[in-house]
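The values are calculated or read from the model by the stated rules, or taken from the named source; none is laboratory data. This is a predicted model, so every value here is computed, not measured. Glycine also receives a Cβ, built like all others from the backbone with ideal geometry; neighbour counts cover every protein chain displayed. When the accessible area is computed, the model is the full protein with side chains, heavy atoms only, and any ligands, DNA or RNA have been set aside. Shrake-Rupley method; radii C 1.70, N 1.55, O 1.52, S 1.80 Å.
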Amino acid sequence: MLIIETILKPDQFGGIGLFSAALLPKDSLIWIHNPIVDIAVTPEQYDTLVPTFQALLDKHAYPRNYKANDGVIEYNADNARFMNHSSQPNTYQDDHCRILTARDVQPGEELTCDYLSFDPTCDLSWNREPSVNVDAPTG
């Protein structure tokens, strides 16, 4: 559950992104798990849902615990579901499953996370993020 004020607006890729409404200093706590808002869905529950809601989960849910490999997915019923992937995210997850800012985040800046950190099998073929060559010379 997000514990900061956010704004939804178009992102740079033509979709919807989650943007900070305020200045967030580095290591600001922005998300904590709340089972009322962050809903766990078992494979059996998923199978009983209408196709339109399954499609919503397919787009916005993620493995609750990829290491457990139990098929349970988690759906954020707040704006957190609009946080987009970045290979250089401005947020990170700590050892207590909380999300914090990795650096200062400016008002109006998109909040991003690394999908592969919580779903290593995530298909990012859709991602149009520019590649970053860490070995490229600077200067």
Would you mind listing the strands (runs of 3 or more DSSP E) fully within the range 53-113 where at least 3 residues are more than 12 Å from Trp31 (Cα to Cα) and touching a Lys or Arg at 6+ places or on another chain (Cβ under 9 Å)?
73-76
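So, of the residues in the range 114-125 that are hydrophobic (A, V, I, L, M, F, W, C) and assigned to a loop (DSSP other than H, G, I, E, B), which turns out to be nearest to Asn34 (Cα to Cα)?
Among those residues, the one meeting the criterion is Phe118.
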All but one of (1) open to solvent by 70 Å² or more (accessible area, probe 1.4 Å); (2) over 16 Å from Gly17 (Cα atoms) hold for Pro107, so report the exception by its number.
(2)
Quick check: anything in the range 43-59 modelled with pLDDT under 95 and open to solvent by 70 Å² or more (accessible area, probe 1.4 Å)?
yes
Just need a number here: residues in the range 6-36 that are under 19 Å from Tyr92 (Cα atoms), charged (D, E, K, R) and surrounded by 12 or more Cβ atoms within 10 Å (Cβ to Cβ).
1
